[in-house]
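Below is one structure, written out as structure tokens; the observations come after it.
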Amino acid sequence: MATTSVPLCVGMMSPHDVAGCEQTSRLYVADWQCVWRVSADGADPRRWLPATPDDDDDKINPWTLSVTARTDVLVTLPDVRQLALYDSTGSELRRIRLPGHCVPRHAVLQAVSGTIVVSLANTQLDQDQVGLDLTIENCVGPLQGWPI
């Protein structure tokens, strides 16, 4: 993929993370209350999640993004202590609730096995941790393998 400088989109307020998909040639940019989708050549930037700024039912505060091998986008939502998985069209596939004392920081999905590795702030223990073996099929429950 060639290096491209993406201009600030009209309406973009505070871009703080980016993820790219080689298969779809799309970039995803986490902004203050939305995710933007931009073609790899910088053309056609558009508000992707939620599609319109007035959609109060779909407001999100994304922190980090990652793209799976299946072109799905995994979004960390620290305000609600969740991870959300969207397909490449923006349809929500799953929501993964984390324990109330865990705030997600970063997440990566290993598409072949469905395993998610997530870095967390554990507010009960006042420390950062890494959770392993949280699978898409097991959307709610304790994280295995932490603290590390």
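The values are calculated or read from the model by the stated rules, or taken from the named source; none is laboratory data. In this text the structure is predicted, and so the values were computed from the model without any measurement. Counting neighbours? That spans all protein chains shown, and the Cβs are built from the backbone with ideal geometry, glycine included.
Of the residues that sit in segment 112-146 and are in a loop (DSSP other than H, G, I, E, B) and aliphatic (A, V, I, L, M), which one is modelled with the highest pLDDT? Here the answer is L125. Any residue at all in segment 59-67 that is of a type outside the set (V, I, T) and loosely packed, with under 14 Cβ neighbours inside 10 Å? Checked against the condition, which is being of a type outside the set (V, I, T) and loosely packed, with under 14 Cβ neighbours inside 10 Å, segment 59-67 yields at least one hit. Entry remark, segment 4-25: residues being part of a strand (DSSP E or B) and either among the acidic types (D, E) or over 13 Å from L65 (Cα atoms) (or both) number 1 in total. Any idea which of (1) touching a Ser or Thr at 6+ places or on another chain (Cβ under 7 Å); (2) surrounded by 14 or more Cβ atoms within 10 Å (Cβ to Cβ); (3) modelled with pLDDT of 80 or more is the one L109 doesn't satisfy? Looking at each condition in turn, L109 falls short on (3).
Flag set for V38, criterion: buried (at least 19 other Cβ atoms within 10 Å of the Cβ) and more than 13 Å from the chain's Cα centre (by Cα).
Close contacts from segment 20-33, counting a first residue that is touching a residue at least 40 places away in the same chain (Cβ under 8 Å) and a second that is not in a strand (DSSP E or B), with Cβ to Cβ under 6 Å and a gap of 6+ residues or different chains, come to C21/T71; Q23/T71; T24/T71; T24/S88; A30/H16; A30/P62.
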